[in-house]
Amino acid sequence: MAIPASIRSLIVDDEPHARSRLHQLLKQEHDFQVIGECTNGEQAVECIIRDKPDLVFLDMQMPKLNGLEVCARVLAAEIPPPLVVFVTAYDEYALKAFEVHAVDYLLKPFDLQRFKKTLAHVQETLRRSQPGAAVSPLPKLLETLRPETRKLERLVFKQSGKIILVRTETIDWLEADGNYVRIHAQGEAHYVRETLAGLEAQLAPQQFARISRSTLVNLEKIKELQPMFYGDYAVMLHNGSKLTLSRHYRTRLDFLLGGPEK
């Protein structure tokens, strides 16, 4: 398959300096054309569906929709999916999946040599594809990371200029807090610029369960459930924390814990 004269590229990242760097690097490449920039996942989905880029540089952690959610929305739109290069400081398990099924990934911070290698990989992928064949590996990627098989061993995120790693097994619970999620682990609280749904999609569903609209709990940390009014329950954790299980989420928790009380 012939490579397009100009590979139309979309940059998606919520950090201005990250977008600017990618834009400047791509401007130096005659075979690539930047057709737009997006600052969040919702904008990305809209632009991909409308403009149909050949290539998307996609950040994983963004407000509103994360990178995987963007990919899922694009596939649901039933349009030819673009090639995707993930730009991420992501968990090792996920990176292995991306390495197999994504065109490539750029692990922040990356240098010029690594960036050039990614562009060469994109061009080789286009060159080797057959006319009319599906080029994008997004369907395989999302299949690999579907809830039944996915288990993220740690979360990686930025906080106060540092890169923080939190093993998922140490997390007690997570709660939505405006445009952020507060992660409670080992007596500390970490703020992540992400949606609760976005983090829930990355965690093992057999280990973490939604107990209310704004709370996700590690099932291994639950000590006991105490009945309250109107079908709600107090969820007591081993560390002494007390959460609330809404009656609307009771069925899911019963299933994960082995069935409702007889």
| said: Residues of segment 204-225 with backbone nitrogen within less than 18 Å of a virtual label 7 Å along the Cα-to-Cβ line of Asp177, please, listed as ranges. | reply: 212-218
| request: Using label points projected 7 Å from each Cα along Cα→Cβ, tell me how many nm separate Ser160 and Ser6, to one decimal. | output: 4.6
| note | Quick calc, Arg193 & Asp111: beta-carbon distance into FRET formula, R0 22 Å, rounding 0.05, result 0.30
| query | Residue separation times 0.36 nm, minus the C-alpha to C-alpha distance between Arg127 and Ser20: what's the value? | reply | 35.7 nm
| message | Through the Karplus equation 6.51 cos²θ - 1.76 cosθ + 1.60, θ set to phi - 60°, convert the phi angles of segment 12-18 into ³J(HN,Hα) values in whole Hz; use x for Gly and Pro. | response | 10, 6, 7, 9, x, 5, 5
| task | Measure up Lys52/Lys158; Lys64/Lys242; Lys64/Lys223; Lys52/Lys116; Lys64/Lys221; Lys27/Lys162 against 26 Å on the Cα-Cα distance and list the ones that go over. | result | Lys52/Lys158; Lys64/Lys242; Lys64/Lys223; Lys64/Lys221; Lys27/Lys162
| remark: Phi-derived 3J(HN,Hα) across segment 214-227 with the Karplus relation (6.51, -1.76, 1.60, θ = phi - 60°), rounded Hz, x for Gly and Pro, is 10, 9, 10, 10, 7, 4, 5, 9, 7, 8, 6, 10, 10, x
| query | All other residues with a Cβ under 12 Å from the Cβ of Gln28 taken together, and with Lys, Arg as +1 and Asp, Glu as -1, what is their net charge? | reply | +1
| remark: Scalar couplings 3J(HN,Hα) for segment 105-116 by Karplus 6.51 cos²θ - 1.76 cosθ + 1.60 (θ = phi - 60°), nearest whole Hz, x for Gly and Pro, are 9, 10, 8, 5, x, 10, 9, 5, 4, 5, 5, 4
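Readers should treat all values here as calculations from the given coordinates under stated rules, not as data from a laboratory. Note that the structure is a prediction, hence the values are computed from the model and not measured. Positions of Cβ are generated from backbone atoms using ideal geometry, with glycine treated the same way; all protein chains shown enter the neighbour counts.
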